[in-house]
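Below is one structure, written out as structure tokens; comments come after it.
The values are calculated or read from the model by the stated rules, or taken from the named source; none is laboratory data. All values reported here derive from a predicted model rather than from experimental measurement. Please note: Cβ atoms are built from the backbone with ideal geometry, for glycine as well, and neighbour counts cover all protein chains shown. Calculation scope for accessible area: heavy atoms of the full protein, side chains included, ligands and nucleic acids excluded. Shrake-Rupley method; radii C 1.70, N 1.55, O 1.52, S 1.80 Å.
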Amino acid sequence: MNDLPQPFLSHPFDDDKLKEECGVFGVVGVKDAANFVALGLHALQHRGQEAGGIVAHDPEHGFNSAHRFGYVRDNFTKASLMETLPGPIAIGHVRYSTAGKKGAVIRDIQPFFGEFSLGGAAVAHNGNLTNADQLRRELIEMGAIFQSSSDSECIIHLMARSIQKRHADRIADALRRVEGAFSVVAMTRTKLIGVRDPLGVRPLVLGRLGDNGFALSSETCGLDIIGAEFVREIEPGEMVVIENGLVKSSRPFAPAKSRFCIFEHVYFSRPDSSYGGRSVYETRHQIGVELAREAPIEADLVCPVPDSGTPAAIGFSQESGIPFALGITRNQYMGRTFIEPTEQIRNMGVRLKLNVNKALIKGKRVILVDDSVVRGTTSRKIKDMILDAGAKEVHFRIASPPTAWPCFYGVDTPDRSKLLAAKMTEDEMRDWIGVDSLKFISLDGLYRAAGEAEGRNKEDPQYCDACFSGEYPISPADQLAKGFQMKTAAE
């Protein structure tokens, strides 16, 4: 029997999608900062729907925190709760567990708080530490007592063992010990701190709020919702410390070339966010254009698989001249998870989330544009729905290259043995899904869509694309210790 509480039972549609990592948000220099953080977390809800937390500080009441399961809107919109989080500085986190135990464990919800000799501090982390198992063993041997199963708690314990005299220096000390991907938002009684790992795998942006206020957010959409002005991205390997309306920048790590996660462009980020001066929507639209050029097919309709396939489907339609149509409708009110009251209802599977417009589809040759294929089970179900609606042909066009390798940098991907592209060629996947054609965008095509006119630099890739290429820019030490096999020359 599944031992997770009912609200955390995953729906079949969700099981075949890569899960967002987490979202972090922080505000300083405004009255009731926690209210702004709650709004920011609401904008970042797509990055984690399992749980959320906020820590705030007020000179009179000290540090206060709230950690809750479920959506931001169901918890952090209640006045009775928000009144317990006063003060001009606060940070928050929305979670989907990519490390530690899956499901409902209250002690795993961030931000994590520690009381140090020089005062309290809280930390929220987006990403995964690839040497967390090793660090955890070392820290426990030295007497550390862990309260959670999260890799992020290592940062608090490493801070506690630093001999530095300032919180920011302790954070830098701690992060120099860790490996992997991290965008960290931290707070002390008066300082808001933001840090990105040297490769900049996970995003973090800075915004200005009013005269003396500032915000840190995983995405620019978080700044938009609170009316903050986008200032700039926190650069890879940079630490910013914000206090009294001033932003101080430092570089606590050895310099390295940026390897931002390209899947942020494909799927994770909201389409109204932007990176490097380029909107995510623009990139996804251009992915569709590249797909139409690389894999043309005669058809009657181009239909997105809602919702992340929509911009690419529009681009495909415009480039190919084939009409765009909303052949599939998503039930917007079901949420990201679903409490199945009976096994019969659960067996309805993907139909609980998606429904086909039969009048539109019947007799048509249909191109379905989706963001990715993971296990392939949902693709088969969607294909069946389209054929049951009377489609003449079904063609899949996928807005990312084949996902053949797991991510260890903050994305919950299945074991490699469960990734369809790790076991089959493109033609074998086509036959297994049962469609007339199946084509993925090439890795070069994806890079071109992201603004790299010459495509991917094979000798020195511009992005982290390990889930597609198997080339990991940061050694996954813990996974190698567990027997994970890296890509061979033959592959």
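Going through Gly62, Gly143 one at a time, which residue ends up being out of contact with any Asp or Glu (no Cβ under 8 Å at 6 or more places or on another chain), free of Cβ contacts under 8 Å to residues at least 40 places away in the same chain and open to solvent by 10 Å² or more (accessible area, probe 1.4 Å)?
Testing whether each residue is out of contact with any Asp or Glu (no Cβ under 8 Å at 6 or more places or on another chain), free of Cβ contacts under 8 Å to residues at least 40 places away in the same chain and open to solvent by 10 Å² or more (accessible area, probe 1.4 Å) leaves just Gly143.
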### Message
Suppose we keep only residues that are in contact (Cβ under 8 Å) with a residue 12 or more places away in the chain and basic (Lys, Arg) within segment 403-426. Which one would you say is least open to solvent (accessible area, probe 1.4 Å)?
### Response
Arg416
### Message
Quick test of your reading of the structure: Lys19 fulfils all but one of (1) at pLDDT 95 or above; (2) within 20 Å of the chain's Cα centre (by Cα). Name the failing condition by number.
### Response
(1)
### Message
Condition check: open to solvent by less than 10 Å² (accessible area, probe 1.4 Å), in a loop (DSSP other than H, G, I, E, B), in contact with a Phe, Trp or Tyr (Cβ under 7 Å, 6 or more places away or on another chain) and closer than 30 Å to Gly276 by Cα. Does Pro203 satisfy that?
### Response
yes
### Message
I need every pair where a residue in segment 370-386 that is outside any loop (DSSP other than H, G, I, E, B) has its Cβ under 8 Å from the Cβ of a residue that is aromatic (Phe, Trp, Tyr), sequence separation at least 6 or different chains.
### Response
Asp370/Phe396; Thr378/Phe13; Ser379/Phe396; Arg380/Trp432; Lys383/Phe396
### Task
Looking only at segment 81-104, count how many residues are surrounded by fewer than 19 Cβ atoms within 10 Å (Cβ to Cβ) and either aliphatic (A, V, I, L, M) or modelled with pLDDT under 95 (or both).
6
### Summary
Listed by first then second residue, the pairs whose first member lies in segment 476-491 and is part of a loop (DSSP other than H, G, I, E, B), whose partner is of a type in the set (D, E, K, R) and at pLDDT 95 or above, with beta carbons under 7 Å and at least 6 positions apart or on separate chains, are Lys487/Glu471
## Note on the structure
Among Ser437, Ser417, the single one that is under 30 Å from Leu387 (Cβ atoms), at pLDDT 95 or above and of a type in the set (Ser, Thr, Tyr) is Ser437
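Could you tell me whether any residue of segment 307-320 is more than 26 Å from Gly451 (Cβ to Cβ) and open to solvent by less than 20 Å² (accessible area, probe 1.4 Å)?
Kept after step one, since they are more than 26 Å from Gly451 (Cβ to Cβ), are these residues of segment 307-320: none.
No.
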### Query
Only one residue in His67, His57, His42 is under 18 Å from the mean Cα position of the chain (by Cα) and surrounded by 13 or more Cβ atoms within 10 Å (Cβ to Cβ), so which one is that?
His42
### Query
With respect to Gly390, is the statement that it is farther than 13 Å from Val374 by Cβ, of a type outside the set (Val, Ile, Thr), open to solvent by less than 10 Å² (accessible area, probe 1.4 Å) and assigned to a loop (DSSP other than H, G, I, E, B) true?
no
### Query
With Arg136, Arg170 as the choices, which residue is of a type in the set (D, E, K, R), without any contact (Cβ under 8 Å) to a residue 24 or more places away in the chain and surrounded by 17 or more Cβ atoms within 10 Å (Cβ to Cβ)?
Arg136
### Task
With a cut-off of at least 2 residues that are surrounded by 15 or more Cβ atoms within 10 Å (Cβ to Cβ) and not polar (S, T, N, Q), name the strands (runs of 3 or more DSSP E) lying wholly within segment 214-265.
229-233, 239-243
### Query
Which one is surrounded by the fewest Cβ atoms within 10 Å (Cβ to Cβ), of the residues in segment 440-489 that are in contact with a Phe, Trp or Tyr (Cβ under 9 Å, 6 or more places away or on another chain) and among the basic types (Lys, Arg)?
Lys487
### Filter result for the condition that a residue is modelled with pLDDT under 95, of a type in the set (Lys, Arg) and open to solvent by 10 Å² or more (accessible area, probe 1.4 Å), over Arg346, Arg430
Arg346
### Message
Just checking, does segment 449-470 include any residue being within 22 Å of Pro203 (Cα to Cα) and among the basic types (Lys, Arg)?
### Response
yes
### Message
Being over 25 Å from Ala466 (Cβ atoms) and not in a loop (DSSP other than H, G, I, E, B): is that true of Leu175 here?
### Response
no
### Query
So which residues in segment 176-197 are surrounded by 24 or more Cβ atoms within 10 Å (Cβ to Cβ), under 21 Å from the mean Cα position of the chain (by Cα) and not β-branched (Val, Ile, Thr), if there are any at all?
Gly180, Ala181, Phe182, Ser183, Ala186, Gly194, Arg196, Asp197
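Of the residues Arg270, Arg232, Arg251, which single one is within 30 Å of Asp384 (Cα to Cα), touching a residue at least 12 places away in the same chain (Cβ under 8 Å) and not polar (S, T, N, Q)?
Step by step, each of Arg270, Arg232, Arg251 is checked, and only Arg270 is within 30 Å of Asp384 (Cα to Cα), touching a residue at least 12 places away in the same chain (Cβ under 8 Å) and not polar (S, T, N, Q).
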